[in-house]
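Following: one structure in structure tokens, then a few remarks.
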Amino acid sequence: MAEISLSGAPDSVDSIQASYMAQVQRRRLYGGLALLIFAVLMVSGFNVADDRNAGGFWEGLHQIGDYPADVLSEAWEKRADLPSLIAKYFPALVETINIAAVSTLIGAIGGLFLSLLGTRGLARWPRLIPLFRRVADIMRAVPEIVIALVLIFVLGGGPVPAMIAIAIHTAGALGKMFSEVAENADLKPVEGLASTGATWSQRMLLGVLPQVAPNYISYALLRFEINIRASAILGFVGAGGLGYELRNAMAWGPGRFDEAAAIFILLFGTIVFFDQVSSRYRNRLTEGQGQ
Amino acid sequence: MTATDLSFAKENADRLFQRKRLIGYAIPAVILLYLIYIFFAFDLPGLAGRANLNNAVTLASDSWSHKVHVTRDNRSGEITYAVEGERKGTYPEGQRPDWVTGDEVIIIDLGGNHIVRYLPENRTEIELPGFPMIEVQAEGRSLISNLPTDLPDWISASNRRIGITTPEGRITLTGSRTEVFNYFPGWELFWFTLDSPYHGQGLATILFGEQIDPARSNIAGAISDWWNNPMWRHKDVAWAIGETILMAFLGTMGAAIIALPLAFLAAKRFSPVMVLRAATRRLFDFLRGVDALIWTVVLARAFGPGPLTGALAILITDTGTFGKIFSEALENVDGKQIEGVSSTGAKPLQRYRFGVIPQVVPVLLAQILYFLESNTRSATIIGAITGGGIGLMLTQAIQTQKDWEEVAYYIVLIVVMVMFMDWFSGWLRGKLIDRKD
Amino acid sequence: ADITEFRIGILGGENAQDRMNSYQCLADYTTEALGVETKLFAPADYNGVIQGLLGGTIDMAWLGASSYAATYLQDPEAVEPVLIKVNVDGSIGYHSIGFARKDSGVTSLDDMEGKVFGFGDPNSTSGYLIPSIEIPQYKDGITMESGEYFGEVKFTGGHEQTIVAVNNGDIDGGVTWADGQGNWEDGYNSGALRKAVDAGLVDMNDMVQIWKSNVIPEGPVVLRKALPADVRETMTALVDGLHERDADCAYGVAAGDTLGFQPVTHDTYVSIVEARKAKIGG
Amino acid sequence: MLKIDALTKQFGQNTAVDAANITVDKPTMIGIIGRSGAGKSTLLRMVNRLSDATSGTITFEGEEITALRGAAKRDWQSRCAMIFQQFNLVPRMDVVSNVLHGTLNKRSTLATMFNLYPQSDIHRAIEILDRLGIAEQAPKRAEALSGGQQQRVAIARALMQDPKIILADEPIASLDPMNAQVVMQSLRTIHEEDGRMVIANLHTLDTARRYCDRVIGMRDGRIVFDGTPEQLTTGVARDIYGAGSDFSEAATSTEIETLDRPEVREAEAFI
Amino acid sequence: MLKIDALTKQFGQNTAVDAANITVDKPTMIGIIGRSGAGKSTLLRMVNRLSDATSGTITFEGEEITALRGAAKRDWQSRCAMIFQQFNLVPRMDVVSNVLHGTLNKRSTLATMFNLYPQSDIHRAIEILDRLGIAEQAPKRAEALSGGQQQRVAIARALMQDPKIILADEPIASLDPMNAQVVMQSLRTIHEEDGRMVIANLHTLDTARRYCDRVIGMRDGRIVFDGTPEQLTTGVARDIYGAGSDFSEAATSTEIETLDRPEVREAEAFI
Ligand SMILES: Nc1ncnc2c1ncn2[C@@H]1O[C@H](COP(=O)(O)OP(=O)(O)OP(=O)(O)O)[C@@H](O)[C@H]1O
Ligand SMILES: Nc1ncnc2c1ncn2[C@@H]1O[C@H](COP(=O)(O)OP(=O)(O)OP(=O)(O)O)[C@@H](O)[C@H]1O
Ligand SMILES: [Mg+2]
Ligand SMILES: [Mg+2]
């Protein structure tokens, strides 16, 4: 019968053991160091944050329920008003959702163009690909609040600055995600269309969009979910919608805590609702693709 | 194919295209209708009327330029020169910009033949090309001027106040004060304020020249003066950026550490008790649904303003998000590896450590690092609400409409910071995920 | 009971970092006087400081009258007022000023019927509380409910935003604060209007005053009641004597020229507290 | 009619087509043969202007094709249809729409977006499909069709363009022998009945001999043979394929996908 | 030594293993054959206690294995190594770490959490790898290895457990013939040199014949044959596989992946 070790071992076991041990030592050292650095960063980071915070973490911990308790107890006392308050703030909720929806829509259209113009093989002007990519990067990097606050000064408060701000960020974020999808698109139909003399927009419309649509829609839905939160937050700093009402109710303090609670319920319910709906729908979109 | 078959096929195709057109119209039509609804719901026609483009121009030009104020207090007759009219930018006693001359009569040359003269007794002469010389006398609360009644739109005048806006600068006169604003491009005093001995010195002089301040070496002194620059406050800005990144880092990592064990409870494979699993999932939904914004407000009572509050708010929300993502990753692990480890008699924890963790680590790391980047952006916003970091500085700078060059500076810094974190997390992802366990 | 650090909350109409800078001298004196580290915090809005005082994470702050009332109403035992700012003319108050754009044709509250009216922050005394009580007293039929007398009533978020909103025409009229001294065309001697004028954002020729409130008491400097008595005494004395000790520092802390601070008690604010309480009911 | 003059295409160092000269006077069915990498596809793509020539010119009825830009170039493409080995249809769209894509050059983007093809075009598309024997497939998605049917849809799209020239880049390489025969026969019929010029890249010598009026042989980017099928002797084929003396018809056939299965032979023999 | 008594496993209605009785007196190399679904895997999994028996007992050296719980069960598992068809290694970890997993039962949980093993264990792991001829692969990731190498790593992990019994569930079904041979030879050598009991599920009759001292045949959960390879005649095999009179050795071999390529035959013939 043949020898077990078919692959003859030129290295002696000793040297393999030694080199492996050395490697293990090195790995343990690096692993330990990485862990140590991480732990030091976490602990010192926590200490710095704790130190620069007005209240300390440990002193504050037991008070964590105070504020919700205040709000909830007042809301509970006035629970009879809650339905009418929810009805009262419903229009603000609609505004918040509208901001998210329009900005997702506009952002998705912007992202669509950025992705098509910034993807090799599809771009209208191949030489400008780096330009469109950088544009998308910058649009993605600017936090919504920056644009919103600046625009509030030019356009005045209300939903429009928030809408523009979120749309810009969305266009950048979706531009990047879309172009990852577009990179994997099959170029054969595009070439087929090109051979008939189709223009760039016709090639994209007929050759690329049908392929990428399910993924694009799925990403856009995810973004819509995120944008609902973003639009609520921007309301908090001056753009309209539910965030604005919430801020006012909370700023006023006791006496309006029932309003705060009503708004909170609306906001929470909306976020959870769209989260569930969109994740279900997204799953279906991406699953249907396998076939 | 027979003729009837063919015409049947044609009819079919016609119907097909009818249907496709209907869908083709319906989708854009729905979008269009929605946009029209939004157009009115958001009052865009009114907005067009209200939008203040002058403001936009003022802000835009202010963001890359600065102005020097030459102010005469009409009661005391005292004249001050100050960059941006700020105390910290005031020229020290006996110094003034070189475009101001004269002792009795102060002559301010705005350039382009725009000249303003502060005469004694609160009189002012303004020489503008192509416009008759303007003379203004301030008496008590009112102003007496030789301005005609029919004024161009760049002059706004009443008997109490005159404002003149020219391409070279702005002049305002009221009974109590006469003020000239001369505009220059650039971020003035970005390096050193006027009281620093290094102001106006070139880089070469500071690096290689003679010692400027006898008490300090040039480089140390210059760095310290720049770092402590009271107008641009580089030190505070650096701290604020550090605080923002710190919030994102603590929040993200803390959330990941907490979410990982909880995710096991929420994953069907590892948590056979249905009630426990459902409870954990609802908890994740709740944490996510309440949103960092509201957590910030809730936590502010307990912990007060500051970066810790922001970090905790991020931590709580992301625990929900990570919990969901992680438990999904755990549901998809490959059972073979776990079985292989189990068959050696490994204890339950060891089974997780070697059967599960190596499989999910790449997914987890990728997600954590992705969130680290996006949380940097969130931390900017949360900071603006909870009171910490660069976000607060930015919102305050914008809301108090002080200096738009400062706003521009912060915006650039924020964008650079986020892009840096984007690059950094991508780099780390590449490093870690390809690494051996 | 000893304290390990002293935390000062800052609120007001200036850039957070500027405020921090202006207060740094006070923090230094505090450290010297108490022998513990002193920290400054500038939350984003009034509510941040109120929550800080209630939660015990902020020890001292200079509040607005209405913010003080809010704090008092949520927890009467949380803070006590100790000092109040004295203006250059010896008064201890200021005004809420209603204003509009001249070219809108609005010259008084009478013209505001059916138009858009803007408040600042809901916790602001001059930006909300006082005008919301005094404006309805101007004449019969005025209420502060959207759609009744005014076409719409909005919150802009703060004094600065109100001014910009009026200037841009987003709202037809709004309220902000001013000391009421000096001249309208300068935006008065101090206040939010003056700042906007200095920044070149508004031209007072374009603005008209449409309403002015009665004198509103300045907000108090408050200390947390839970602080040890000696700490409270030390701090009261320190701020009280600040003007005499370091006029520049006092200028920064008080955001302008003053005659310093003088003692004050809760009594000064009883009416404001009542007003705020009444608002809650209505 | 068509004149290709010193046409050259370089990819970096690599010369894919090297100073090719072809003159065609009247509508002909031309087969281009040559082994893999000889430059056949590159040549056709330059004629359709899917890629630009490095140097040299293509002239069609006096018009210099290689000089066209923008809309004029697309107009030329609409007159010069192309058929691909992998069909290059839009798989998720129905067959009629794919055929109608042949008219894209005449339609605006907006009209395409709303599917605003005139009824006459739709009817013509069905007629063309009928001519190719696949009218019943009209409402199906292209991806649901067999390879041979898809290639016929591609031919229908080409016919929809009503082109002067049809270029076919190995139209039968992905097809089984039965379908290959149907597709080649369709191209031949189109050539004969409509008098359109057809240029097809072919991998198999026998297909070229059977269906073409003229055969062009390429090797390493150069045209090494241009003549009638009759002139294409085994010796010439040996040259084109650069094979040694052991070259036989069978050898090229085995190299070539469509013929490496014995059934093909039978199928063709049976025709 | 090992006594399996009326061991039964039911999945709902389906009886996967039906009152199996096996007695083994001394370390033997046993092959279990039977067609797919016969219950071979289920039987081995019950012996390793990866799944619980529905009824019946397993006794090993007087200890009732089926009654063990918790730590005692894990201790048994550490004495009874298992090798899987798909290797069931941790692909992202290096080979030595995978082998060291064989010691997990003996080491404290805390130390292993951080991947800390005593040096002596590491040295032994490399020695075992060397014995199996793959010591050079020690620092590589398991996923970077070929199938045969991975299976040898799995055997090394088993040996690391220093087990009394090695169970192998179709250890060569995913391997090509060359690797299959190496793996089976390794198992045989281990059996012979170390005197460990080896029980292997096998798909191929000839492998069972070649390497095993004793062959057990299963059909529909029941043990239908238990004897020496010599006793395993074609007629018996026909019974085990439930085949008709047209059954031949070749037929089982074709059914079985490892043997459906002609080279296997050659490779084995050549040994
Ligand atoms: N886009 C490209 N970039 C670089 N080189 C290319 C490109 N397209 C073709 N080539 C090269 O040009 C030469 C000719 O290729 P071409 O596709 O025209 O050959 P072909 O005769 O069609 O071969 P096949 O039978 O494989 O389709 C080959 O060497 C090929 O590698
Ligand atoms: N987890 C399970 N749940 C339900 N039925 C199972 C399970 N595992 C095995 N079975 C069933 O038990 C029977 C025996 O399966 P087992 O895997 O033991 O067969 P095997 O002889 O190993 O076959 P193979 O050669 O396919 O591996 C089969 O009918 C199988 O479907
Ligand atoms: Mg080709
Ligand atoms: Mg099995």
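The values are calculated or read from the model by the stated rules, or taken from the named source; none is laboratory data. Quick caveat: nothing in here was measured; it's all calculated off a predicted structure. We place every Cβ from the backbone using ideal geometry, glycine too, and count neighbours over all the protein chains shown.
For C:ILE171, all conditions in the list (1) assigned to a helix (DSSP H, G or I); (2) in contact with a Gly (Cβ under 7 Å, 6 or more places away or on another chain); (3) of a type in the set (Val, Ile, Thr) hold save one; what is the number of the exception?
If we test C:ILE171 against (1) assigned to a helix (DSSP H, G or I); (2) in contact with a Gly (Cβ under 7 Å, 6 or more places away or on another chain); (3) of a type in the set (Val, Ile, Thr), just (1) comes out false.
I'd like the residue in the range D:171-191 that is buried (at least 22 other Cβ atoms within 10 Å of the Cβ) and within 16 Å of ligand 3 (Cβ to nearest atom) and, out of all such residues, is nearest to D:PRO27 (Cα to Cα).
Here the residue is D:PRO171.
Condition first: more than 30 Å from B:ILE219 (Cβ to Cβ) and more than 9 Å from every other protein chain (Cβ to nearest Cβ). Now tell me which residues in the range B:180-208 satisfy that.
Scanning the range B:180-208 gives B:VAL180, B:ASN182, B:TYR183.
Suppose we filter D:ASN98, D:ASN105, D:ASN48 for residues that are away from ligand 2 (no atom under 16 Å from the Cβ) and under 17 Å from the mean Cα position of the chain (by Cα); which single one remains?
D:ASN48
How many residues does the range A:232-291 contain that are assigned to a helix (DSSP H, G or I), touching a residue at least 60 places away in the same chain (Cβ under 8 Å) and farther than 27 Å from A:PRO161 by Cα?
Residues that pass the stated criteria total 8.
So the check is Cβ under 8 Å with 6+ separation or different chains; which pairs have a first residue in the range D:28-57 that's closer than 12 Å to D:ILE223 by Cβ and a second one that's within 16 Å of ligand 2 (Cβ to nearest atom) and outside any loop (DSSP other than H, G, I, E, B)?
Note: no pairs meet the criteria.
Give the residues of the range B:114-124 that are surrounded by 16 or more Cβ atoms within 10 Å (Cβ to Cβ) and either among the acidic types (Asp, Glu) or part of a loop (DSSP other than H, G, I, E, B) (or both), sorted by residue number.
Within the range B:114-124, just B:ASN122 meets the criteria.
When you check B:GLY320 against the structure, is it in the same structural domain as B:THR380 (by TED's automatic domain parsing) and more than 27 Å from A:LEU35 (Cα to Cα), yes or no?
So B:GLY320 does not fit the description; no.
With the requirement that a residue be touching a residue at least 24 places away in the same chain (Cβ under 8 Å), aromatic (Phe, Trp, Tyr) and buried (at least 22 other Cβ atoms within 10 Å of the Cβ), what does the range B:322-356 give you?
Scanning the range B:322-356 gives B:PHE322, B:PHE326.
Per-residue answers, yes or no, for (1) within 14 Å of chain B (Cβ to nearest Cβ); (2) part of a helix (DSSP H, G or I); (3) not β-branched (Val, Ile, Thr):
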{"site": "A:ASP50", "(1), (2), (3)": "yes, yes, yes"}
{"site": "A:GLY55", "(1), (2), (3)": "yes, no, yes"}
{"site": "A:GLU59", "(1), (2), (3)": "yes, yes, yes"}
{"site": "A:LEU93", "(1), (2), (3)": "yes, yes, yes"}
{"site": "A:THR96", "(1), (2), (3)": "yes, yes, no"}
{"site": "A:VAL102", "(1), (2), (3)": "yes, yes, no"}
{"site": "A:ARG120", "(1), (2), (3)": "no, no, yes"}
{"site": "A:ARG124", "(1), (2), (3)": "no, no, yes"}
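Can you name the number of the only condition in (1) at pLDDT 90 or above; (2) surrounded by 20 or more Cβ atoms within 10 Å (Cβ to Cβ); (3) among the basic types (Lys, Arg) that A:ARG127 fails?
For A:ARG127, the exception is condition (2).
Of the residues that sit in the range E:152-175 and are closer than 15 Å to E:HIS191 by Cβ and either within 16 Å of ligand 1 (Cβ to nearest atom) or in a strand (DSSP E or B) (or both), which one is nearest to the other protein chains (Cβ to nearest Cβ)?
Of everything passing the filter in the range E:152-175, E:LEU167 is nearest to the other protein chains (Cβ to nearest Cβ).
Restricting to the range B:76-103, what's the tally of residues that are within 14 Å of chain C (Cβ to nearest Cβ), under 36 Å from the mean Cα position of the chain (by Cα), on the phi < 0 side of the Ramachandran plot and not in a strand (DSSP E or B)?
4
Taking the range B:247-272, which residues are closer than 23 Å to A:ILE37 by Cβ and in contact with a Lys or Arg (Cβ under 9 Å, 6 or more places away or on another chain)?
Within the range B:247-272, B:ALA248, B:ALA259 meet the criteria.
Working only within the range A:111-122, note down all residues that are surrounded by fewer than 21 Cβ atoms within 10 Å (Cβ to Cβ) and either charged (D, E, K, R) or at pLDDT 90 or above (or both).
Of everything in the range A:111-122, those that are surrounded by fewer than 21 Cβ atoms within 10 Å (Cβ to Cβ) and either charged (D, E, K, R) or at pLDDT 90 or above (or both) turn out to be A:PHE113, A:ARG120.
Rundown of residues vs (1) more than 7 Å from chain A (Cβ to nearest Cβ); (2) more than 16 Å from ligand 4 (Cβ to nearest atom); (3) within 30 Å of B:LEU16 (Cβ to Cβ), yes/no style:
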| site | (1), (2), (3) |
| --- | --- |
| D:MET46 | yes, yes, no |
| D:THR54 | yes, yes, no |
| D:ILE58 | yes, yes, no |
| D:GLN85 | yes, yes, yes |
| D:LEU89 | no, yes, yes |
| D:VAL96 | yes, yes, yes |
| D:VAL99 | yes, yes, yes |
| D:GLY102 | no, yes, yes |
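Please verify whether B:ALA292 is within 30 Å of C:TYR46 (Cβ to Cβ) and assigned by TED's automatic domain parsing to the domain that holds B:GLY242, treating the condition exactly as stated.
Answer is yes for this residue.
Within the range B:182-228, how many residues turn out to be among the polar types (S, T, N, Q) and either under 19 Å from B:GLU406 (Cα atoms) or in contact with a Lys or Arg (Cβ under 8 Å, 6 or more places away or on another chain) (or both)?
Number of matching residues: 4.
The rows are residues; the columns are (1) closer than 29 Å to E:PRO27 by Cβ; (2) crowded, with 19+ Cβ neighbours inside 10 Å; (3) at pLDDT below 80.
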{"residue": "E:GLU193", "(1), (2), (3)": "yes, no, no"}
{"residue": "E:VAL198", "(1), (2), (3)": "yes, yes, no"}
{"residue": "E:TYR211", "(1), (2), (3)": "yes, yes, no"}
{"residue": "E:MET218", "(1), (2), (3)": "yes, yes, no"}
{"residue": "E:ALA237", "(1), (2), (3)": "yes, yes, no"}
{"residue": "E:ILE240", "(1), (2), (3)": "yes, yes, no"}
{"residue": "E:ILE271", "(1), (2), (3)": "yes, no, yes"}
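Every residue in the range B:75-89 that is in contact with a Leu (Cβ under 9 Å, 6 or more places away or on another chain) and crowded, with 19+ Cβ neighbours inside 10 Å, please.
Across the range B:75-89, the qualifying residues are B:VAL83, B:GLU84, B:GLY89.
If C:GLY118 satisfies every condition in (1) more than 13 Å from chain A (Cβ to nearest Cβ); (2) at pLDDT 90 or above but one, which is the exception?
That leaves (1) as the condition not met.
How do the helices (runs of 4 or more DSSP H) wholly within the range C:200-282 filter down when requiring 3 or more residues that are among the β-branched types (Val, Ile, Thr): which remain?
C:229-240, C:270-281
Just one of the numbered conditions (1) more than 16 Å from ligand 1 (Cβ to nearest atom); (2) at positive phi; (3) within 13 Å of another protein chain (Cβ to nearest Cβ) is not true of D:ARG79; which one?
(2)
Among the residues of the range D:10-29, which ones are within 19 Å of the chain's Cα centre (by Cα) and within 16 Å of ligand 3 (Cβ to nearest atom)?
D:ALA16, D:VAL17, D:ALA20
Tally time: how many residues in the range E:21-47 are touching a helix residue (DSSP H, G or I) at 6+ places or on another chain (Cβ under 6 Å) and either modelled with pLDDT under 90 or within 16 Å of ligand 1 (Cβ to nearest atom) (or both)?
Count: 3.
Looking at the range C:65-115, which of the residues that are of a type in the set (Asp, Glu) and part of a helix (DSSP H, G or I) is surrounded by the most Cβ atoms within 10 Å (Cβ to Cβ)?
C:ASP111
Out of the range B:151-176, which residues are of a type outside the set (Gly, Ala, Ser) and either in a loop (DSSP other than H, G, I, E, B) or at the interface with chain C (Cβ under 7 Å from one of its Cβ atoms) (or both)?
Listed by number, the residues that qualify are B:LEU151, B:PRO152, B:ASP153, B:TRP154, B:ASN159, B:ARG160, B:ARG161, B:PRO167, B:GLU168, B:ARG170, B:THR174.
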